[in-house]
Amino acid sequence: MTIAALPDHNNTTHPLWLKLFHSYRHVIAPLRHNGWPTDIEIAGGENRIHADLGDGTELIIASVHALPLAPNEVTGWSVLRLDIEDNARHTVLYDSTPEGAQSHHRNSLIPLFGRIDELDAPKPMNRLVVSATYTSPSGMNHYQAAGSETPGAAVARFFEWSRLLVASEGYQHVWERPEEDGYPLARYERGGHVTTVQVTRSDD
C-alpha cells in the first residue's frame, strides 16, 4: 500500500484544521493514496485542500469559494492546478460548481477523480478494485463496482459507495479499518443486513 504521509506542521493540532481534515477525508484520502502529500489550508478563512503532485505543481480543491465546514453543503468542486513557484501559472482542471463546466456532476467524487486520473503526474502503478458483500438472513451477494482503477480513483469510489449506503439506503456505519492498517474496508448494518465495502489489489 502506498499512501502519502500525514502533514507535519503546527496546524495539525488546531481544532479547525482537525475538523476539516477529518470532514474532507473522502477527498483527501484518495489524493494521499495516489502518493501526493495533501493538506488543508485554513489561513485567512480559505479552507482549501492542497495536494503536492511532486512535479512542481499542486492541486487546489475548493467549492464555489472556500470549503464549508460541513461537507454536505458543498454544491460542487473547483480544482486548479498551480505552479508552486509561480501561482499565476495555473489551469482550471475541473469545475462542478453551479456555474461551472461540469456542474451536472455537482459534488460527486467519481467524475472528479476521473479527471484527476488523467493528469500527467507521478502516481502509483498498482491497480485496485472496489467491491461490496451484502449479507442478509436469506443469503449473500457480492458485487464489484467497476474494473481496476488507480488507487485514488478506487478509494474515491469506496467513499462514494459508502456515502450512498448511508444517505440513500439507510445503513449505519459500524466499523472501519484504521487507515494505517491497509486499504479501506468498512462495515454497515441495517435491520439484520450487513454490507462490507472494501478496496483490494486487482491481483489479490
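We did not get these values from a lab; they are worked out from the coordinates using the rules stated. Just so we're clear, the structure is a prediction, and the values are computed from it rather than from any experiment. Glycine also receives a Cβ, built like all others from the backbone with ideal geometry; neighbour counts cover every protein chain displayed.
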The ³J(HN,Hα) series, computed from each phi in the range 163-169 with the Karplus coefficients 6.51, -1.76 and 1.60 at θ = phi - 60°, rounded to the nearest Hz and given as x for glycine or proline, is 4, 5, 4, 7, 6, 10, 10
List the equivalent ellipsoid semi-axes of the range 1-156 in whole Å, largest first, each obtained as the square root of 5λ for an eigenvalue λ of the Cα gyration tensor.
-> 27, 18, 18
Diffing the range 197-202: the Karplus 3J(HN,Hα) column from phi (6.51, -1.76, 1.60, θ = phi - 60°), in whole Hz with x for Gly and Pro, holds 10, 8, 10, 9, 5, 5
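Would you work out the relative contact order for the chain, in percent, from Cα pairs under 8 angstrom that are 6 or more residues apart?
The value is 15 percent.
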Hydrodynamic radius (Kirkwood) for the range 127-204, which is based on Cα pairs only, to one decimal in Å = 12.7
What whole number of Å gives the distance from the Cα centroid of the range 46-94 to the Cα centroid of the range 138-204?
-> 27
May I ask you to derive the relative contact order of the range 141-190, considering only C-alpha pairs under 8 Å and at least 6 residues apart, and to give it as an integer percent?
-> 27
Net charge (Lys, Arg +1; Asp, Glu -1) of residues whose beta-carbon lies under 14 Å from that of residue 66, residue 66 excluded, is -1
Note on the range 1-69: contact order normalised by length, alpha-carbon pairs under 8 Å, 6 or more apart, percent, works out to 27
Mean ellipticity per residue at 222 nm, deg cm²/dmol - from DSSP H runs of n ≥ 4 across the chain, formula -39500 (n - 2.57) | -6500 deg cm²/dmol
